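Got a structure for you, questions after.
The values are calculated or read from the model by the stated rules, or taken from the named source; none is laboratory data. These numbers come from a predicted model, not from an experiment. With ideal geometry, Cβ positions are generated from the backbone for all residues, glycine too; neighbour counts draw on all protein chains shown.
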Amino acid sequence: MTAPDPSDAVATDVTFPKVAFANATSTLLIYGAVSSIMGPLLISFSHHFHISLPSAGTVLSVYFVGALVGVPVGYVGITRYRGQFVLAAMMLVGALGAALVSLSGHWAELLTGVFVIGLSFGGVDFALNTLLVRTEPHRRGHRLSVVNAGYGVGAVAGPVAIIIIHPSRFAWLFAVFAVIAVVVAIFYRHLVAPPMRSTLHPRSLVVRGRRRSILLSFVAAYILYVCAETSASGWIAPHLHRVGYSQSLASAVTAGFWGALAIGRMVAGPLAARWSERLLVLGGLGLATLLSAAAYFDVAAPVAYPILGLVIASVYPMGLIWYTSLCPGDGDGLSALILCMMVGGIVGPGTESLVVSLSGIHAVPLVVATFFLADLAVFAGLRRFDQ
C-alpha cells in the first residue's frame, strides 16, 4: 500500500472555477504591472512634484511597507470571512489607492495612494497563495505556478504601457488600474473559499515540536530568495548599461528576465507532475547561482539574465508546496512566511546598492550569485525535515 502524500493533508475546501482562476491570474498580472512601473516612473515623479530623484525613490519603500502591512490584514480576513469576499474587498482597496495616485496634486497624496496599493497587494498576494494551497492536490502545483506567472507577465507589460502612454501621463496608468481592479473584484464572486481554520491539521501534530525550526528555516530561505530576485531584476538594466550596452538593450533584457520567469512558472505545473518540488527548488537555485556568476562576464550577461528568470521560476510556488507538505494546514506559518519574505525586497536591493558603491558595477552579478548560493544552502538543509 502506497503511503499518502503529506501534501494531501492540507485542507482542500477551496475551489477555483475557470472564471475565478482566470481572475486570480489577472489579479497578479495587474499587480506585476503596477510594481514594475514604479522604478521607471521615478524621473516623472521627480519632475511632476518638483522633488529630487532620491526623494522620489521613497515611493518604492512606501509601496513595500504597505505590502508588509497588507499581509496580516489578508490573513485576518481569510480566517474570518469567505475568501471571495476578502479578495474582492482588497481589490477595491487597490482601486482606491490607484485613484488617489491618479488624482494626486501633492507628493504626500501620491505616497498615500501608493501605500494603499501596496497594502492591497500584500493582502491579495497572501490570500491568493494561501487559498491556492488549499485546493485539491491534483494539479495544485500547476495552479500555483500559472497564477504566479501572471505577475511576471504583468511585469513585462507595465514598462511597455509606459512607453505607449508616455511617463508624463502616469495618472492615466493608475486610473486604468483602478477601473480594472473594480472589474476584477466583481468576478471573485465565482470563487468558493470558506473561512480558513488557522489551526494545524490533526495529521500534522507530529511536527508541532519541530514546526518552529521548519518555519524559521523557510523564512530564511524565502528572504534570501526575494533578496536575490529583487537584486537581479532591479539591477539588470544599470549593470548592462554601465558595461557598455545601450539603454534599449538593457531594458529589453530586463523584460526578457520577467518574460522568462512568467514562462517558467507556466511550465512549472507540468514539471511538478514529473519531479518533486524539492528537486525543482534545489535544481533551480543551483542553476541560478551558475548563471548569476556567468553574468559577471560582459559578453554573457545579456543571455544569462533571461535564462536566470526561467530557472528560478519554480522556486517560489514549489517552495510553498514544500512547506505545506511538512506543516499541513499551517495558516499561521504561511502568514509569517509571506510577511517575512517581503523583507528581502528591502534588504536585497539595499545590499546591492551598498556593495556597488564600494566595489563598482561589476559586483552586481556576484552579489546576486551570493544570495542564490546562500539560499541553495538553506533550502538544501531543509531536507533534514523530510526524515
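Just need a number here: residues in the range 234-243 that are at pLDDT 80 or above and surrounded by fewer than 21 Cβ atoms within 10 Å (Cβ to Cβ).
Here the count works out to 2.
Check the range 268-280 and report whether any residue there is of a type outside the set (Gly, Ala, Ser) and part of a loop (DSSP other than H, G, I, E, B).
For the range 268-280, residues of a type outside the set (Gly, Ala, Ser) and part of a loop (DSSP other than H, G, I, E, B): present.
Under 7 Å by Cβ, and 6 or more places apart or on different chains, what pairs join a residue from the range 282-296 that is in the same structural domain as residue 366 (by TED's automatic domain parsing) with one that is among the polar types (S, T, N, Q) and surrounded by 24 or more Cβ atoms within 10 Å (Cβ to Cβ)?
Sorted first by the residue in the range 282-296, then by its partner, the pairs are 284/314.
Another one. Answer yes or no: is there a residue in the range 130-149 that is touching a strand residue (DSSP E or B) at 6+ places or on another chain (Cβ under 9 Å), closer than 27 Å to residue 80 by Cα and of a type outside the set (A, V, I, L, M, F, W, C).
So far as the range 130-149 goes, yes, one or more of its residues are touching a strand residue (DSSP E or B) at 6+ places or on another chain (Cβ under 9 Å), closer than 27 Å to residue 80 by Cα and of a type outside the set (A, V, I, L, M, F, W, C).
For the range 335-354, give me the residue count where each residue is farther than 30 Å from residue 78 by Cα and either touching a residue at least 24 places away in the same chain (Cβ under 8 Å) or outside any helix (DSSP H, G or I) (or both).
Count: 3.
With the structure loaded, tell me whether residue 268 is in contact (Cβ under 8 Å) with a residue 40 or more places away in the chain, crowded, with 23+ Cβ neighbours inside 10 Å, under 17 Å from residue 225 (Cβ atoms) and over 15 Å from the mean Cα position of the chain (by Cα) or whether it fails that test.
yes
On to the next question. May I ask you to say which residue of 251, 231, 246, 217 is in the same structural domain as residue 345 (by TED's automatic domain parsing), within 25 Å of residue 319 (Cβ to Cβ), surrounded by fewer than 23 Cβ atoms within 10 Å (Cβ to Cβ) and hydroxyl-bearing (Ser, Thr, Tyr)?
217
Something else now. Yes or no: the range 355-365 includes at least one residue that is part of a helix (DSSP H, G or I) and crowded, with 20+ Cβ neighbours inside 10 Å.
We begin by selecting, within the range 355-365, every residue part of a helix (DSSP H, G or I); these are 355-359, 363-365.
If we keep only those that are crowded, with 20+ Cβ neighbours inside 10 Å too, we end up with 364-365.
So far as the range 355-365 goes, yes, one or more of its residues are part of a helix (DSSP H, G or I) and crowded, with 20+ Cβ neighbours inside 10 Å.
Something else: Kindly indicate which of 375, 332 is out of contact with any helix residue (DSSP H, G or I) (no Cβ under 6 Å at 6 or more places or on another chain), touching a residue at least 24 places away in the same chain (Cβ under 8 Å) and assigned to a helix (DSSP H, G or I).
332
Kindly provide the set of residues from the range 124-174 that are charged (D, E, K, R) and part of a helix (DSSP H, G or I), ordered by number.
125, 140, 143, 169, listed by residue number.
Residue 311 passes all but one of (1) over 12 Å from the mean Cα position of the chain (by Cα); (2) buried (at least 23 other Cβ atoms within 10 Å of the Cβ); (3) among the β-branched types (Val, Ile, Thr); which number fails?
(2)
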